[in-house]
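Quick notes on the structure that follows.
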Amino acid sequence: MGTVLEPPVLAVVAAAALYWLGGRGGPAGGRERAERRWRTPLFAAGLCVVVLAVSPPVDRLSDSLFSAHMAQHLLLLEIAAPLIVLGRPWHRLWRPFPLSVRRTVAGAVVRGAWAAPLRRVGGWLVLPAVAFLLMNATFVLWHVPALYDGALDHPVLHDVEHATFFVTALVLWAHLLGDGPFRTPLALPHRAAYAVGAMLVGWGVAVVIAMAPSPLYAHYADLSSRPFGLSALADQQLAAGIMWVPASVPWMVIALVCVYGWLDPRARRRGWMRQLAGEH
């Protein structure tokens, strides 16, 4: 794992190329130019975090330390995903394709019988409760020892694990930040509760891992040695601490920002708060 030819890295390269090409066509309006000044760096930062998470030394270290693997998941779910959502790349990623192709594909998806299941899935994903359950159920399920060990022992399954984490996190953060390819129905106080709920799910998993009297994951328990001289149990407790404290920071920040915007009408008149509240 961790080579430049890994599928996640190739996906990042493809996304970066499409984004760059999508920004070259036609003159941008004043509002679009203003947004590019801060959205483009955020999108680029999100892609860089993905590369950091899936490349050495983080990826290699995650093979021998559960705590490093937990940090890897934190980078993907709670740093890369919100940065990419804030970058709002959806239109630019689509723009490089020829107009005839875009019209044909869009028409087929909107009206084609074959795309009816896709439309139903899309309709479900714009529901905040579904997005919340999907992301958190995925997170909990992959921490079941049999699945977690299986992902570590099989590279393809490991890529599937990271892909499902990342995609479901993108949908959840799109609801939280209001910058997805759809308009979220969540008001600011509801987004605060949404973020706190996601944080509490992580706390629950962290408590189970921290309180376990013995190592839960055979992959790490069976290692003959670990970096820094950590025992398997100490490494597991450190991983729980990462999930409990650093992983809580992004959820708490967005929750506090939403509460602030909800309680202070003057704050909602600021440009960045109007964006968050969906008042574009």
Response to the item:
Inside region 117-129, the number of residues satisfying the requirement of being open to solvent by less than 70 Å² (accessible area, probe 1.4 Å) and over 19 Å from A192 (Cβ atoms) is 5
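Condition first: hydrophobic (A, V, I, L, M, F, W, C), over 27 Å from T40 (Cβ atoms) and open to solvent by less than 30 Å² (accessible area, probe 1.4 Å). Can you find one or more residues in region 84-106 that meet it? I'd like the intermediate steps shown before the answer.
We begin by selecting, within region 84-106, every residue hydrophobic (A, V, I, L, M, F, W, C); these are 84-86, 90, 93-94, 97, 99, 101, 105-106.
From what's left, over 27 Å from T40 (Cβ atoms): none.
Within region 84-106 (the criterion being hydrophobic (A, V, I, L, M, F, W, C), over 27 Å from T40 (Cβ atoms) and open to solvent by less than 30 Å² (accessible area, probe 1.4 Å)), the answer is no, since none of the residues qualifies.
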Worksheet item: What residue, among those in region 165-184 that are open to solvent by 20 Å² or more (accessible area, probe 1.4 Å) and among the hydrophobic types (A, V, I, L, M, F, W, C), is nearest to I84 (Cα to Cα)?
Response: L170
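If we scan region 84-92, do we find a residue that is in a helix (DSSP H, G or I) and more than 23 Å from P250 (Cα to Cα)? Quick ask: steps written out before the conclusion?
To start, the set of residues in region 84-92 that are in a helix (DSSP H, G or I) comprises 84-87, 90-92.
The next check asks that each one be more than 23 Å from P250 (Cα to Cα); those that pass are 91-92.
There is at least one residue in region 84-92 that is in a helix (DSSP H, G or I) and more than 23 Å from P250 (Cα to Cα).
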Worksheet item: helices (runs of 4 or more DSSP H) wholly in region 185-275 with at least 3 residues that are modelled with pLDDT under 90 and either under 24 Å from L125 (Cβ atoms) or open to solvent by 40 Å² or more (accessible area, probe 1.4 Å) (or both) - which ones?
Response: 248-263
Worksheet item: Which ones in region 139-162 are modelled with pLDDT of 95 or more and under 12 Å from the mean Cα position of the chain (by Cα)?
Response: F139
Worksheet entry | Any hit, region 143-150, residues being crowded, with 17+ Cβ neighbours inside 10 Å and part of a helix (DSSP H, G or I) | yes
Fill in: Candidate set from region 6-24 (those that are more than 24 Å from D59 (Cβ to Cβ) and out of contact with any helix residue (DSSP H, G or I) (no Cβ under 8 Å at 6 or more places or on another chain)); member that is surrounded by the fewest Cβ atoms within 10 Å (Cβ to Cβ)
R24
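The values are calculated or read from the model by the stated rules, or taken from the named source; none is laboratory data. Source: prediction; values computed, not measured. Quick reminder, even Gly has a Cβ in these numbers, built from the backbone with ideal geometry, and neighbours come from all protein chains shown. Note: accessible area is taken over every heavy atom of the protein model, side chains too, but ligands, DNA and RNA are not part of it. Shrake-Rupley method; radii C 1.70, N 1.55, O 1.52, S 1.80 Å.
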